[in-house]
Amino acid sequence: MFKFAIDPFSFFVGFIIATVFWWLVTQARPMWKELTAGIKEQRETAQARKTNSVEENHRRITLRRAQGMHLAAPLFALDEILQEPLLIAPPQNVEPGTPAKFEDVISQTLPYLPSWPEIAAAYHTQTITLPQALSGNTNIVIIGQPGVGKTVSLAHLASLAANRSEKLEALKDTVPFLFHIANLKLPIADPKDALTPLIEAASEHAPMLDLTRLPTFFQNTFQNGQALLLIDGFDEITPESQQVVTAYFKIIMQNYPKTRIVTTGAPEYLDGLIALGFAPLTLMTWSTHNNEKFIDQWGELWSQTVAMESWSQAGSEQIDPILLNVWLSADNANLTPFELTLKAWGAYAGDSLGPHVLEAIATHIRRVTPINTPLAALETLAMQAIVNVQPVFDPRIARAWVKSFEIVEEKVEGETTEQTTEETSTETKVQKGKKIEKVVATPTSGLLGKMVASGLLIAYPDNKMRFAHPVFAGYLAGRALKNYNAEETILNQTDWSGKYLAMRYFAAHGDASKLVQSLLEFSRLPMHRPLFVAARWLRDAPKNAPWRGKLFESLAAILQTEGIPLNLRGQAMAAFVVSNDPSAMTLFRQLSKTLAFELVQLSVLGAGAMRDQKAVQILEQAMNAPSQAVRHAACMALVSIGTNEALETVAHTLLNGDENIRRAAAEALANDPGEGHAMLRDGITINDILLRRAVAYGLGRVNEPWAVEALQKIQIEDDQWVVRNAATEVLDSKTSAGSRAPRKLKAPSESPWLIEFAGKQGMGISPGVPATDILLLALKSDDADTRLAALPYLKFTPNESVLAQLYAAMYKDDPELREGAYNILWELGTSGIKLPHPNQYGYG
């Protein structure tokens, strides 16, 4: 064995050194942690700085693009000319056991007509703003006819988000991603690459230094739930293309469930969106007051900017804007914002071809047509795009469509040719810098390229191109169809906006008798979609068109059919109103004298929307009808007509009527910013409890600061509690307007009312199942609220048994259930579900 001797001194020194070492390590540990934390923080700060710079660049670029996404972009920025987009407040979902939300008399009296917002605009029904619509927790599809302002709505939303506007409230920090369908390369091969189409689209506008950082920025934004995805053009494409887009939306929603999506749609076809839980919200068209405000705003901006340009002052003498505005304010009934913009532009530019809306469209097309380009070239291009069902077309194919219209220049012998293009139509080969020994024909710069440069077409990467607005394509295609027998080809196409726009403008320029006859043969209950599509043609078609009589006859038959939903009959009434045909006024006056109260209600509303002064005496008589809805409608119609006699009748009712009709009169007077508002101001001071209470409800519909101040004063100072309560109710409804925003339905297994109902039936609800059987039982319940609450759930399981029960509900003698069931069927129809005729279930 070996024995080791330990040197005490060495041991002591080693012990001291080890102790000091570990003491130093212990003391340095916090410093080390602080050092590593500092390095990590610097790294994160650097990464955040990179991300922030990418985000700020993206916001700035999105804002710039959004401000140019409107028809008058060559003249003004969007915010300079914007009329704030408003959405018609949708019907409220009922939940048993909870109090109903406040609803004014106007909304109770008007049928819900998402396909015909012109009636809602005439009577100023309840609306919500875009930020309020987003305050819910669901995705949205903004629906409306072409030209009503859907693209502008998305651009406005993008501008608000890019600027972090306080109007967006909880969503003010969201990052907007604004693209047109044509920007996206779809479908995608791998769901993991869901963001790739968006990144590639954004790369077209991003600074060079940001290109490598975009994927990380997009990934972080979508994962953190800060993305606001705004997709334009869904309403312009075919159902087959819509299915591709909805499949893409589904992937985005699965991969990034916190992403908010807003897209655009047509009221007739929303293929796949309803099944994904999108809420359709109708964009309100402009009222007479909106039209006048826009015209004044246009004139002011034109005088301050365009009129000051040297080229403008060098032209003909400028007309007084006041005279122009008076002319523009006439005959604007039922024009879309798109059409009114073209009319104002033509008037102020002095190049208008005439007062009709068709002439306003023709004026702008002439304005943006490249020099020396025949109109036939544009018409041919548009017709081919429609006939070939290509709203977004390949320019390489489109060149062949307009090849015969390419302008060529003759090069005489001895000239030098500096370039050649792929569109050269001669077999003679021309080489750069070589002498030509004979006369040859070579085209100038491509015709399609000129159309892009002029603003008529928009070009996209990956060989995509489209017309700047679908109305231009439809108008030009409709004119071209006069010279071709292509009606049957277009009629046999699947439903899409280009098809119907082309037929609409063909009907304005040619004989559409065959088209109308075919559509009438296809039209049937419960939707009658082909009939109402053709009804949109009446406004612009010649008054002597041979097919107008048949169309009016079919509309009148639906209007007078008892037992079908008021929302369906209301569409026929709206079609008469929008036609602007004088015979519609005569019809409404006749039908207002019948004894069928629902028919009288609709006819009275139609007469008021058309401002038929000859109907005033008939409407005065309707004020004494036994039906409350008819009396309310008469008040609304008289204020809409707005003559002294009509307003005096409503004022007399406000002063002397019963409690209910006084409220209706006051709310109707809120629609008249002149005499109506003055009457409400005076009514606050009159010593009449019922009058002041009615006036409080009327002031609730006036969207002016003075009205809010008056209500606040009533709420505190009025000596009658019933008046104070009315003021409180309407003020609460104003502050909680966002409560009308659509929201996702609770899962059946998490819905208190449905769980309670199932328990009473001795049944349970398992998580993750649709509970269709229980919901069908609820639809047959004796409780009205339970029946109504079941309806929204059933649209997600539209099988045969569900459809049968929805039809049964639609034909029950319960007006509220009938209208609710019809609205669900309308949503199913727009989403592509084939709805059978009611006689399949023994109805109709």
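Does the range 733-740 contain at least one residue that is surrounded by fewer than 19 Cβ atoms within 10 Å (Cβ to Cβ), basic (K, R), in contact with a Gly (Cβ under 7 Å, 6 or more places away or on another chain) and assigned to a loop (DSSP other than H, G, I, E, B)? No, that holds for no residue. Taking residues in the range 754-772 that are among the polar types (S, T, N, Q), and partners anywhere that are open to solvent by less than 50 Å² (accessible area, probe 1.4 Å), the pairs with Cβ atoms closer than 8 Å and at least 6 places apart or on different chains are Q761/I774; S766/S749; T772/L794; T772/T797; T772/V802.
Here R466 passes the criteria (1) of a type outside the set (S, T, Y); (2) under 23 Å from the mean Cα position of the chain (by Cα); (3) more than 17 Å from A266 (Cα to Cα); (4) crowded, with 24+ Cβ neighbours inside 10 Å except the one numbered (4).
Within the set A400, A344, the sole residue that is of a type in the set (G, A, S), within 30 Å of A182 (Cα to Cα) and within 29 Å of the chain's Cα centre (by Cα) turns out to be A344. Entry remark, the range 773-783: residues being farther than 22 Å from N799 by Cα and either touching a residue at least 60 places away in the same chain (Cβ under 8 Å) or within 35 Å of the chain's Cα centre (by Cα) (or both) number 1 in total. Each residue in the range 650-673 was checked for being without any contact (Cβ under 8 Å) to a residue 40 or more places away in the chain and open to solvent by 30 Å² or more (accessible area, probe 1.4 Å), and 6 pass. Quick one: would you say I755 is open to solvent by 30 Å² or more (accessible area, probe 1.4 Å), assigned to a helix (DSSP H, G or I) and not small (G, A, S)? Yes: the conditions hold for I755.
All of (1) of a type outside the set (V, I, T); (2) under 31 Å from the mean Cα position of the chain (by Cα); (3) part of a helix (DSSP H, G or I) hold for P836 with one exception: (3). The criterion of at least 2 residues that are polar (S, T, N, Q), touching a residue at least 60 places away in the same chain (Cβ under 8 Å) and open to solvent by less than 20 Å² (accessible area, probe 1.4 Å) is met by none of the helices (runs of 4 or more DSSP H) falling completely within the range 210-325.
With respect to (1) open to solvent by less than 50 Å² (accessible area, probe 1.4 Å); (2) farther than 30 Å from D271 by Cα; (3) modelled with pLDDT under 95, the lone exception for E487 is condition (2). Within the range 742-766, the set of residues being farther than 22 Å from I274 by Cα, out of contact with any Pro (no Cβ under 6 Å at 6 or more places or on another chain) and not hydroxyl-bearing (S, T, Y) comprises P752, I755, E756, F757, A758, G759, K760, Q761, G762, M763, G764. With respect to (1) open to solvent by 20 Å² or more (accessible area, probe 1.4 Å); (2) within 22 Å of G233 (Cα to Cα), the lone exception for D190 is condition (2). In the range 718-731 there is at least one residue matching the filter, namely being of a type outside the set (S, T, Y), out of contact with any Ser or Thr (no Cβ under 6 Å at 6 or more places or on another chain), buried (at least 17 other Cβ atoms within 10 Å of the Cβ) and touching a residue at least 40 places away in the same chain (Cβ under 8 Å). Considering the range 687-707, the residues that are out of contact with any Lys or Arg (no Cβ under 7 Å at 6 or more places or on another chain) and of a type in the set (A, V, I, L, M) include one that is surrounded by the most Cβ atoms within 10 Å (Cβ to Cβ), namely V695.
Identify the residue in the range 823-844 that is hydrophobic (A, V, I, L, M, F, W, C) and under 16 Å from T797 (Cβ atoms) and, among all such residues, is most open to solvent (accessible area, probe 1.4 Å). Only one residue tops the list, namely I833. Those helices (runs of 4 or more DSSP H) of the range 338-430 in which 3 or more residues are at pLDDT 95 or above and open to solvent by less than 20 Å² (accessible area, probe 1.4 Å) occupy 357-368, 375-387. When restricted to residues that are under 17 Å from T259 (Cβ atoms) and part of a loop (DSSP other than H, G, I, E, B), the range 154-209 contains 8.
Looking only at the range 140-159, decide whether some residue is at pLDDT below 95 and on the phi > 0 side of the Ramachandran plot. No; the residues of the range 140-159 include none that is at pLDDT below 95 and on the phi > 0 side of the Ramachandran plot. Residues in the range 741-750 that are assigned to a helix (DSSP H, G or I) and either in contact with a strand residue (DSSP E or B) (Cβ under 7 Å, 6 or more places away or on another chain) or open to solvent by less than 100 Å² (accessible area, probe 1.4 Å) (or both): P748, S749.
Against the conditions (1) in contact (Cβ under 8 Å) with a residue 24 or more places away in the chain; (2) on the phi < 0 side of the Ramachandran plot; (3) part of a loop (DSSP other than H, G, I, E, B); (4) touching a Leu at 6+ places or on another chain (Cβ under 8 Å), G844 satisfies every one except (2). Here is a list: G768, G820. Which entry is open to solvent by 30 Å² or more (accessible area, probe 1.4 Å) and within 33 Å of the chain's Cα centre (by Cα)? Only one candidate qualifies: G768. When the range 494-513 is filtered for residues that are of a type outside the set (S, T, Y), over 12 Å from A534 (Cα atoms) and either in contact with a Ser or Thr (Cβ under 7 Å, 6 or more places away or on another chain) or open to solvent by 20 Å² or more (accessible area, probe 1.4 Å) (or both), the ones remaining, listed by number, are D495, W496, H509, G510, D511. What are the residues in the range 70-111 that are within 30 Å of A468 (Cβ to Cβ), assigned to a loop (DSSP other than H, G, I, E, B) and in contact with a strand residue (DSSP E or B) (Cβ under 8 Å, 6 or more places away or on another chain), if any? Those that are within 30 Å of A468 (Cβ to Cβ), assigned to a loop (DSSP other than H, G, I, E, B) and in contact with a strand residue (DSSP E or B) (Cβ under 8 Å, 6 or more places away or on another chain): E84, P85. Answer yes or no: is there a residue in the range 639-646 that is buried (at least 22 other Cβ atoms within 10 Å of the Cβ), out of contact with any strand residue (DSSP E or B) (no Cβ under 8 Å at 6 or more places or on another chain) and farther than 30 Å from K550 by Cα. Looking through the range 639-646, at least one residue is buried (at least 22 other Cβ atoms within 10 Å of the Cβ), out of contact with any strand residue (DSSP E or B) (no Cβ under 8 Å at 6 or more places or on another chain) and farther than 30 Å from K550 by Cα. All conditions but one from (1) at pLDDT 95 or above; (2) loosely packed, with under 15 Cβ neighbours inside 10 Å apply to L520; the one that does not is (2).
When the range 784-800 is limited to residues that are charged (D, E, K, R) and either more than 25 Å from the chain's Cα centre (by Cα) or assigned to a helix (DSSP H, G or I) (or both), the one that is surrounded by the fewest Cβ atoms within 10 Å (Cβ to Cβ) turns out to be E800.
The values are calculated or read from the model by the stated rules, or taken from the named source; none is laboratory data. In this text, all values refer to a predicted model and were calculated from it rather than measured experimentally. Here Cβ is always computed from backbone atoms with ideal geometry, including for glycine, and neighbour counts include all displayed protein chains. Just so you know, the surface numbers come from the protein's heavy atoms only, side chains and all, with ligands and any DNA or RNA stripped out. Shrake-Rupley method; radii C 1.70, N 1.55, O 1.52, S 1.80 Å.
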